[in-house]
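> Got a structure for you, questions after.
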Amino acid sequence: MRHKALLLFVLAGFSNGMAQFPRTRFPGQGTPQVDVGHLRYDLISAWRKEVTRHQPGEMDSSASEIEEWPREDIQTVIGQVKFLARMLANSPTRALKIPIQSILGLTREEMKAGNANRLLKRGALLHTDIAILGLDRMPENPWEPARYVVRDGRVIGRKVDPHWEFARLLLDSVHPNPAGDEMVRQWYRATAADMQNRRQWGTAADHLNRARKIFPSDARILFYSGTVHEVYAGTFAQNTRITTTAASRIGFGARKSELLRAREFFEAAVTADPAFGEAHLRLGRVTGMLGDHTRAIVSLKKAAAAVSEPLLRYYASLFLGNEYEMLGSYDEARAQFDNSAGLFPMAQSPRLALTRLMRGAKDLPGALADLQSVLSMPVSNSLREDPWWNYEVAQARDAKELMDDMRCTIWGLPK
Amino acid sequence: MNKFRPAIGAVFFLGFVFAAAGQTPTFAVKTEEVRVDALVTDHGKPAHGLRPADFEVFDNGELQKVDFAGQDPIPFNAVLVLDMSSSVAGERLRHLRYASGLLLDALKEDERAALVTFSHAVSIDSELTENIDLVKARLESVEPFGDTAVIDASYTGLILAESRPGRPLVIVFSDGLDTSSWLTEDAVLDAAKHSDAVVYAVSSGKHPKMTFLQDLAQYTGGALFRIESTGNLGKVFLDILEEFRQRYLLTYLPQGVLSKGWHKLEVRVKDRKLTVKARPGFQVY
């Protein structure tokens with residue numbers, strides 16, 4: 001309390017001292033809701049306590065506690081913590097340093113370094129875990145930006161996810177520059193993958209917009225940006241667009257425009273990292289969907305040469321088969337479908353493709369028999385798994401590992 | 001009933017007979033009959049008693065001689081293609097099972113049934129069989145889950161219906177739009193053009209832009225039924241069966257038309273103001 005009073009006294013000595021406190025804007029708000037002019041030492045202290053106590057990756061009592069706070073209080077805390085972190089980074093006088101150190105709970109080393117990065121990053125981690133593990137929340141009013149929740153092509157509700165924004169805002173204040181901080185990069189990559197793994201496309205889209213502002217040439221972030229738009233162009237999203245009465249607010253466009261966006265991002269990803277096989281794979285896929293089958297084959301062949309994982313080789317062959325078929329090169333198409341069927345013998349997609357391709361051919365009865373043997377196997381049999389079913393989240397298949405690694409890095413825990 | 005060799009699709013082929021080497025080759029042309037399934041109605045009610053001479057069939061604009069026209073009870077292969085995605089649960093599932101049971105019970109002794117169910121995974125729960133009890137038992141054992149691959153499943157129904165001799169009938173039920181098929185709509189509609197099967201589709205729920213099932217039915221000379229609720233699904237299935245039984249089977253030997261490619265079909269009844277519904281054409285490789 002003594003330090004708080006001292007800080008207020010010192011700050012009050014500046015002319016228009018209160019006006020020098022920045023106003024923090026939060027998304028969806030036309031006018032600032034938070035005035036950092038009134039320092040909430042109590043809230044900051046309580047928040048800091050939970051950040052320190054929180055066990056990463058768990059919806060523990062700390063996360064539950066903060067989750068219950070009114071949104072306005074969290075906004076206040078984050079705004080004020082950011083402001084104090086900025087003050088610290090600007091080499092404040094000793095008179096200011098002491099109260100800042102006390103309020104933010106910084107170590108001597110952190111004061112010497114002039115940054116509150118540990119608190120900012122751990123705070124981001126707390127809000128990350130609340131965003132992922134906490135309860136779904138409804139919008140507080142009809143005008144609040146919200147996500148549509150879709151199941152099997154039907155919109156079944158709306159929800160908001162403010163804690164992602166809280167986390168991003170904290171990391172924005174990492175000193176000297178979040179763009180130069182590898183932990184921040186790791187956080188964006190891991191969380192973007194996590195969002196996609198959980199099919200939170202709207203959340204991922206906004207998240208990646210921010211990520212690209214900080215890391216505009218990061219191949220992985222560009223790749224994830226592409227996959228969001230690729231999903232938006234897919235039948236699932238486009239059919240939802242058709243069935244949603246509020247289609248104009250659904251946040252993505254028609255198929256072709258989304259494919260063009262996806263291609264743009266994948267091209268940027270392979271420019272940033274020419275050896276990125278999976279990016280070549282998806283670039284080939286969307287290029288084919290845009291009707292340029294010759295160029296699609298070029299990309300898909302690059303992908304096939306660059307990837308060794310059976311899953312990715314399956315996709316490459318399946319997509320190559322499709323592109324060759326579109327060009328009328330049926331022998332090549334068949335060879336590719338055979339390839340993919342060989343990698344996952346009980347997957348239905350290549351078998352369906354083969355019977356269609358071979359219709360009228362002498363060996364159609366054999367292909368039909370193969371298809372029937374696959375489709376007659378119970379769906380509950382794990383062998384029947386077709387990787388095509390999970391293509392839209394395949395890019396995020398390592399999301400759990402990425403999140404675990406990121407948490408360990410930020411928290412300083414052994415992996 | 002006149003004897004004819006049933007065609008899978010409409011097939012032409014030219015038989016080339018070569019004389020000894022060095023001599024001018026001669027050609028023998030051999031064609032197979034084309035089979036057309038047509039529904040004829042008089043103010044909405046099925047018309048009966050029509051003979052081959054009552055029909056006019058135009059193949060790419062060329063009038064053909066109809067050799068056979070009958071409503072004889074030719075055994076058919078009925079393939080049920082049923083949506084078992086997660087949205088078909090609870091009451092909808094009960095209605096679907098009940099309606100399918102009614103249809104299966106209405107089949108005659110020499111008629112076959114098959115069961116294809118689909119979520120994102122397509123399953124052939126029963127291949128074509130006269131053992132209707134087996135099909136019913138399989139229907140009771142399937143539980144809804146997952147997404148909707150109605151395009152992949154419809155294709156599977158088409159090829160299954162033709163897997164054994166008989167008139168192929170496919171009945172597709174879905175309550176949603178496709179969310180996970182590998183095959184595209186165009187690919188399956190193209191397959192339908194090559195197929196003998198007649199597809200009747202039933203769609204529940206409000207999807208004004210759900211054109212795939214409508215196109216599939218239209219291309220095969222069938223019909224799409226849109227229903228608000230599944231409560232009367234049983235009646236719809238029985239109506240479909242009854243309508244299919246009233247269809248005429250027409251055959252003709254193509255004359256004056258090229259073998260390969262698209263054959264635009266027009267089927268009319270002479271001198272009568274009757275309505276005819278048949279597939280708009282067929283494709284030959």
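The values are calculated or read from the model by the stated rules, or taken from the named source; none is laboratory data. The model shown is predicted, which means the values in this text are computed figures rather than measured ones. Positions of Cβ are backbone-derived with ideal geometry, glycine not excepted, and every protein chain shown enters the neighbour counts. The protein model used for the area step is the full one, side chains on, heavy atoms only, and it has no ligands, DNA or RNA in it. Shrake-Rupley method; radii C 1.70, N 1.55, O 1.52, S 1.80 Å.
> Top mean-square fluctuation among B:Lys264, B:Lys193, B:Lys45, Gaussian network model of chain B, C-alpha springs under 10 Å?
B:Lys45
> Show me the three semi-axes of the equivalent ellipsoid for the range B:138-285, from the C-alpha gyration tensor (sqrt of 5 times each eigenvalue), largest first, rounded to whole Å.
The three semi-axes for the range B:138-285 are 28, 19, 15 Å.
> Which one of B:Leu139, B:Thr211, B:Ala121 has its Cα pushed farthest toward the positive end of the charge dipole of chain B, where Lys and Arg give +1 and Asp and Glu give -1 at the Cβ?
B:Thr211
> Only counting protein heavy atoms at a 1.4 Å probe, give the residues of the range A:387-413, ordered by number, whose accessible area falls by 30 Å² or more when the other protein chains are present relative to the chain alone.
So the qualifying set is A:Trp388, A:Trp389.
> Follow-up. Label point 7 Å out from B:Glu266 along Cα-to-Cβ: which residues of the range B:40-72 have amide N under 18 Å?
Flagged as within label range: B:54-66.
> P(r) for the range A:72-126: what percent of alpha-carbon pairs falls in each 10 Å bin, starting at zero?
For the range A:72-126, the binned pair fractions read 24, 58, 16, 1 percent.
> Whose amide H sits under 5 Å from the amide H of B:Ala47, counting only residues 5 or more places off or on another chain, with H placed in the peptide plane?
B:Val40, B:Thr41, B:Asp42
> Quantify, in whole percent, the carbon and sulfur part of the accessible surface of the range A:258-358 (1.4 Å probe; protein heavy atoms only).
That share works out to 50 percent.
> Can you classify chain B as rounded, prolate or oblate using the Cα gyration tensor, where a ≥ b ≥ c are the square roots of its eigenvalues, rounded means a/c under 1.5, and otherwise it's prolate if a/b beats b/c and oblate if not?
Prolate is the answer for chain B, as a/c is 1.5 or above and a/b outweighs b/c.
> Cα-based Rg of the range B:85-207 per 2.2 N^0.38 Å, rounded to two decimals?
Relative to the rule-of-thumb radius for its length, the range B:85-207 sits at 1.02.
> Right, something else. Output wanted: per-residue J couplings in Hz (rounded whole) for the range A:366-375, from phi through Karplus 6.51 cos²θ - 1.76 cosθ + 1.60, θ = phi - 60°, x for Gly and Pro.
Once θ is set to phi - 60°, the couplings for the range A:366-375 become x, 5, 5, 4, 4, 4, 5, 5, 5, 6 Hz.
> Would you please give the residues with an amide H less than 5 Å from that of B:Asp67, counting only those at least 5 places away or on a separate chain, with H modeled from the backbone geometry?
Amide H to amide H, under 5 Å and 5 or more residues apart or across chains, B:Asp67 pairs with B:Thr251, B:Tyr252, B:Leu253.
> Further question on the same structure: Could you give each residue of the range A:72-77 its phi-based ³J(HN,Hα) in whole Hz, using Karplus coefficients 6.51, -1.76, 1.60 with θ = phi - 60°, and x for Gly or Pro?
For the range A:72-77, the Karplus-derived couplings read 5, 5, 5, 4, 4, 4 Hz, x marking Gly and Pro.
> Can I ask one more? What nm value, rounded to one decimal, do you get for the distance between A:Lys400 and B:Thr275 when each label is placed 7 Å out toward the C-beta?
5.8 nm
> Mind checking which aspartates and glutamates have their Cα closer than 19 Å to the Cα of A:Lys49? Skip sequence neighbours fewer than 8 apart in that chain.
A:Glu58, A:Asp60, A:Glu65, A:Glu67, A:Glu68, A:Glu72, A:Asp73, A:Glu110, A:Asp129
> Can I ask one more? Per 0.36 nm of contour for each residue apart, how much would the distance between A:Trp411 and A:Ala179 grow if the chain were fully extended, relative to their Cα-Cα spacing?
81.6 nm
> Let me ask another. At A:Asp73 and A:Ser382, where each label point lies 7 Å from the Cα along Cα→Cβ, what is the point-to-point distance in nanometres?
4.5 nm
> Semi-axes of the equivalent ellipsoid for the range A:175-287, please: Cα gyration tensor eigenvalues, times 5, square-rooted, ordered largest first, whole Å.
Semi-axes, largest first: 25, 17, 11 Å.
> How do A:Ile98, A:Ile297 rank by accessible surface area computed with a 1.4 Å probe, from largest to smallest?
Per-residue accessible area, sorted high to low, gives A:Ile98, A:Ile297.
> Using amide H atoms built in the peptide plane, which far-off residues or other-chain residues are under 5 Å from B:Val79 H to H?
Residues meeting the amide H criterion: B:Ala114, B:Leu169, B:Val170, B:Ile171.
> When a/c is below 1.5 the answer is rounded, else prolate if a/b is larger than b/c, else oblate, so apply that to the range A:249-361 with a ≥ b ≥ c taken from the square roots of the Cα gyration tensor eigenvalues.
Prolate.
> While we're looking at this one, here's another question. Can you compute the FRET efficiency between B:Leu102 and B:Asp42 using 1/(1 + (r/R0)^6), with r the Cβ-Cβ distance and R0 = 25 Å? Round to the nearest 0.05.
Result of the calculation: an efficiency of 0.40.
> Once a ≥ b ≥ c are taken as the square roots of the eigenvalues of the Cα gyration tensor of the range B:173-223, is the result rounded (a/c under 1.5), prolate (a/b larger than b/c) or oblate (a/b not larger than b/c)?
It is oblate, given that a/c is not under 1.5 and a/b is not larger than b/c.
> Right, another one. With every protein chain present, what accessible area does A:Met289 have (1.4 Å probe, heavy atoms only), rounded to the nearest 10 Å²?
50 Å²
> Something else now. Ballpark to the nearest 100 Å², how much total accessible area do A and B bury together, probe 1.4 Å?
Buried area (both sides, nearest 100 Å²): 2800 Å².
> Whole-Hz ³J(HN,Hα) for each residue in the range A:47-61, computed from phi via Karplus 6.51 cos²θ - 1.76 cosθ + 1.60 with θ = phi - 60°, x for glycine and proline: what do you get?
4, 4, 4, 6, 4, 5, 6, 4, 8, x, x, 10, 8, 7, 5
> Quick one: ranking B:Asp42, A:Asp181 by accessible area, 1.4 Å probe, largest first, what do you get?
The residues order as B:Asp42, A:Asp181, largest area first.
> How big is Rg to Rh over the range B:186-257, alpha-carbon atoms, Rh as the Kirkwood inverse-mean-distance radius?
1.06
> Oh, and also: Which value at 222 nm does chain B reach when only helices count, each DSSP H run of 4 or more adding -39,500 (n - 2.57), with the total divided by all residues and rounded to the nearest 500 deg cm²/dmol?
-7500 deg cm²/dmol
> For each pair in B:Lys108/B:Lys270; B:Lys45/B:Lys136; B:Lys235/B:Lys273; B:Lys136/B:Lys235; A:Lys121/A:Lys400, compute the distance between the two Cα atoms and list the pairs where it is over 21 Å.
Distance filter (> 21 Å) returns B:Lys108/B:Lys270; B:Lys45/B:Lys136; B:Lys235/B:Lys273.
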